[in-house]
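Participant: Just dropping this structure here.
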């Protein structure tokens, strides 16, 4: 009998890729996508799998412990991959309460639902929590490892660090089988255009300013979303309860260099003269508590699961640009809301 997996936040950017990979790769598994469908959750991301017999969707809030509990019981869930979260640093600065409620209280309620449904009969069960490298804070030299002390600098990363601690606490206190992975910055298709790469692509296409915080010297390790989904797959099947696994792409780039690369690629694909879009670069006031550099060591994950990142950044960026240029309808649908217009104006006015 195949695994029966509840994936929270499965209609989001990373979640939809995980759902797609598990549905297609493991037809003997039952995959239940549980998502509230907020502005960043979109069932259009999963049109290609929605008719598969092993895929099910439940619209629900992770704060609704009774609905989560009934879903676990209805589908006889034996594993939970928990991705549902508020995830954007800028929004956490403006509304930290929302991040505390969703990321901390929401995670606790999913943990409690699992604990209650499984009745301390944990054989073959697993709670897998997806976190972020931002819980480590900023690093000047070297790389984050799983033993690096947590030093969150934003309300977002603080909420994720807290949820990590609760996952480990349920593992230690109640014996709930649980593990955590922390990943570097993701990019790729279906990314809601509030984040750097899809925002820049969209703005280049529409000849809008390309906002860059400070001098653009902040460094991020970029991970193609399909590589992240493959890492989650490997950790789910080979990881151990009570353990933490770092997932990185070995692709460190300064933000300004990413923006300039996107300008060159999109200009070429749109038949524009080289340098046209780089004139749109607009340096804006740096955001509070902006971490200078993230760099993650995925050595433990590679050695224990056999996974490794496969997509070089330049290749992944080309694929990402092509996807956005070829999916104008999807982009128009998700950017038609008032929130994104507010967000774009906020950037332009800083």
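Computed from the coordinates by the stated procedures, all read-outs in this text should not be read as laboratory data. These numbers were taken from a predicted model, which means no experiment stands behind them. Neighbour counts run over all protein chains shown; Cβ positions are idealised from the backbone, glycine included.
Participant: Using the count of nearby Cβ atoms within 10 Å as a rough guide to exposure, how do 317, 302 rank from fewest to most?
Facilitator: Fewest-to-most ranking of 317, 302: 302, 317.
Participant: Same structure, new question: Gaussian network model of the chain, Cα springs within a sub-10 Å range: biggest mean-square fluctuation belongs to which of 48, 233, 221?
Facilitator: Comparing 48, 233, 221 in the GNM, the peak value goes to 48.
Participant: Along each principal axis of its Cα atoms, how long is segment 134-257 end to end? Whole angstroms, biggest number first, please.
Facilitator: 54, 28, 24
Participant: Going highest first, how would you order 278-288, 181-191 by mean Cβ packing within 10 Å?
Facilitator: Numbers: 278-288: 13.7, 181-191: 24.3.
The most tightly packed comes first, giving 181-191, 278-288.
Participant: Between residue 74 and residue 43, what is the label-point separation in nm under the 7 Å Cα-to-beta-carbon projection?
Facilitator: Roughly 1.3 nm, to one decimal.
Participant: Taking the inverse of the average 1/r across all pairs of different Cα atoms in segment 184-256, what Kirkwood radius in Å do you get?
Facilitator: On the way: mean 1/r = 0.0708 Å⁻¹.
14.1 Å is the Kirkwood radius here.
Participant: Also: On average over all directions, what projected area in square nanometres does segment 208-350 have, based on the convex hull of its Cα atoms?
Facilitator: Average projection, Cα convex hull of segment 208-350: 10.6 nm².
Participant: What are the extents of the Cα atoms of segment 169-216 along their three principal axes, listed from largest to smallest and rounded to whole Å?
Facilitator: Dimensions of segment 169-216 along the principal axes of its Cα atoms: 54, 26, 12 Å.
Participant: Right, something else. Starting from the 7 Å offset along Cα-to-Cβ, what nm value, one decimal, do you get for the label separation of residue 101 and residue 264?
Facilitator: 4.6
Participant: If neighbour count is taken as other Cβ atoms inside 10 Å, put 47, 20, 91, 308 in order from fewest to most.
Facilitator: Lowest count first: 47, 308, 91, 20.
Participant: Could the peptides 51-59, 246-254, 172-180 be put in order, highest first, of the mean number of other beta-carbon atoms found within 10 Å of their residues?
Facilitator: Those peptides, ordered most packed to least, come out 246-254, 172-180, 51-59.
Participant: Run lengths n ≥ 4 of DSSP H only: what is the helix-derived mean residue ellipticity at 222 nm for the chain, with -39500 (n - 2.57) per run over all residues, to the nearest 500?
Facilitator: -12500 deg cm²/dmol
Participant: Still on this structure: With springs connecting C-alpha atoms under 10 Å apart, model the chain as a Gaussian network and identify which of 108, 139, 62 has the largest mean-square fluctuation.
Facilitator: In this elastic network of the chain, the residue with the biggest mean-square fluctuation among 108, 139, 62 is 139.
Participant: No solvent, one uniform scatterer per C-alpha: report log10 I(q)/I(0) for segment 27-85 via the Debye equation at q = 0.16, 0.18, 0.22, 0.29 1/Å, two decimals.
Facilitator: -0.53, -0.67, -0.99, -1.42
Participant: By count of other Cβ within 10 Å, fewest leading, how are 132, 8 ordered? Intermediate results must be reported in sequence, preceding the final value.
Facilitator: Details: 132 24, 8 28.
With the sparsest Cβ surroundings first, the list reads 132, 8.
Participant: Now a separate question. Given the Cα-Cα distance of residue 206 and residue 28 and 0.36 nm per residue of separation, how much length would full extension add, in nm?
Facilitator: 59.7 nm
Participant: Let me ask something else. Given springs between every Cα pair under 10 Å in a Gaussian network model of the chain, which of 331, 270, 210 has the largest fluctuation?
Facilitator: Judging by the Gaussian network model, the answer is 270.
Participant: Still on this structure, I have one more. Let me have the relative contact order for segment 121-170, percent, based on Cα pairs under 8 Å that are six or more residues apart.
Facilitator: About 37 percent, as a whole number.
Participant: Let me ask another. Need one number: convex hull volume per residue for segment 105-202, Cα atoms only, in Å³.
Facilitator: 142
Participant: Right, here's the next one. How big is the Cα convex hull of the chain in projection, averaged over all directions, in nm²?
Facilitator: 16.4
Participant: Quickly work out the residue 241-to-residue 219 label distance, labels modelled 7 Å from Cα along the C-beta direction, and quote it in nm with one decimal.
Facilitator: Computed distance between label sites residue 219 and residue 241 equals 3.9 nm.
Participant: Under a no-solvent Debye model with one identical scatterer per Cα of segment 54-138, what's log10 I(q)/I(0) at q = 0.12, 0.16, 0.22 Å⁻¹?
Facilitator: Per q value, in the given order, log10 I(q)/I(0) is -0.41, -0.69, -1.10.
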